[in-house]
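The next block holds one structure in the form of structure tokens; read it before the comments.
The values are calculated or read from the model by the stated rules, or taken from the named source; none is laboratory data. Only a predicted model underlies this, so the values are computations on that prediction, with no experimental measurement involved. Here the Cβ positions follow ideal geometry from the backbone for every residue, glycine too, while neighbour counts run over all protein chains shown.
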Amino acid sequence: MKTIKEITPLKSNAPFVILKHKNAKFDYSIHYHNEFELNLITNFKGKRIVGDSIEECESVDLTLLGPELKHIWKSNEIISTANVITIQFQEHFLASKTLDYTIFKDIRALLELSKRGISIQNPTKNKIAKKISKLKDPDHFDSFLLFLEILHDLSKSEDKKVLSSAASNNYSQKRESRRITIVTKYIENNYDKQIKLTTLAEMINMSESAFSHYFKKRTGQSFIKYLLDHRLSIVTKLLSETNIPINEISYMTGFITLSNFNRSFKKKHGVSPKQYRINYINHLEE
């Protein structure tokens with residue numbers, strides 16, 4: 001169950017790289033890399049694991065994955081006829097100042113969201129698949145413009161489904177303000193303990209009501225929901241990458257009772273922690 005870091009063939013002087021595989025075998029290990037990845041798979045039957053998400057795929061699967069987000073596809077077929085087009089690119093494929101321009105704000109938000117993995121649904125999926133098939137050498141200016149058009153279309157689409165419950169813990173959120181960083185870092189370092197809203201509010205000199213409003217505005221979640229999601233993201237990592245007993249994982253991640261732990265996990269993932277671990281191992285070994 002070890003996760004491997006992939007070194008991609010993307011060159012520093014290229015905006016992106018296109019990789020194509022016919023009759024893909026999907027025989028690689030679960031992995032991650034430092035680059036963003038737009039992945040189009042056609043004629044596929046199998047499963048996809050992205051972060052803590054495990055899903056059966058449709059015959060055409062289109063995903064956008066952020067840096068350091070572990071992922072793998074597993075085919076159900078002995079002889080695969082699936083075709084894969086993978087586009088990998090770095091966050092700074094546009095200069096940092098360029099991404100700050102107003103016209104790129106939606107693409108910037110898309111890339112931020114992709115840190116949790118995004119599955120693209122129809123009708124956008126079919127539209128983007130046609131454009132991806134037309135992409136050629138990234139050294140051609142027309143190809144670069146088409147790539148930007150693809151990202152723009154994805155950023156405007158409502159056919160996006162977020163996959164994983166939390167972004168990779170390894171990925172630093174550079175654009176967070178100082179105050180929200182103080183709070184989120186405290187949560188990351190103390191999620192195994194009981195954290196009171198009062199404590200966090202006092203840390204940044206706010207009343208509880210003002211803090212609640214500020215936190216939700218900055219993160220899009222209430223403090224309680226954010227803390228729960230962070231704990232559950234640690235839980236899924238421990239379930240998938242270690243053999244630590246489930247009751248110990250519950251204690252290690254700050255849940256007061258085992259029943260509350262099981263209930264919260266099942267509400268989030270649709271299965272018990274025990275079944276999630278079994279499913280994860282089975283999917284990797286198939």
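So which residues in region 43-56 are over 15 Å from Ser119 (Cβ atoms) and either of a type outside the set (S, T, N, Q) or touching a residue at least 60 places away in the same chain (Cβ under 8 Å) (or both), if there are any at all? The answer is Lys45, and nothing else. Scanning region 178-235 for residues that are among the charged types (D, E, K, R), more than 20 Å from the chain's Cα centre (by Cα) and either on the phi > 0 side of the Ramachandran plot or at pLDDT 90 or above (or both) yields Asp192, Lys193, Lys196, Glu202, Glu208. Flag set for Ile281, criterion: aliphatic (A, V, I, L, M), in a helix (DSSP H, G or I) and not assigned by TED's automatic domain parsing to the domain that holds Ile30. Taken together, Thr236, Thr199 contain a single residue that is more than 20 Å from Asp106 (Cα to Cα) and touching an Asp or Glu at 6+ places or on another chain (Cβ under 6 Å), which is Thr236.
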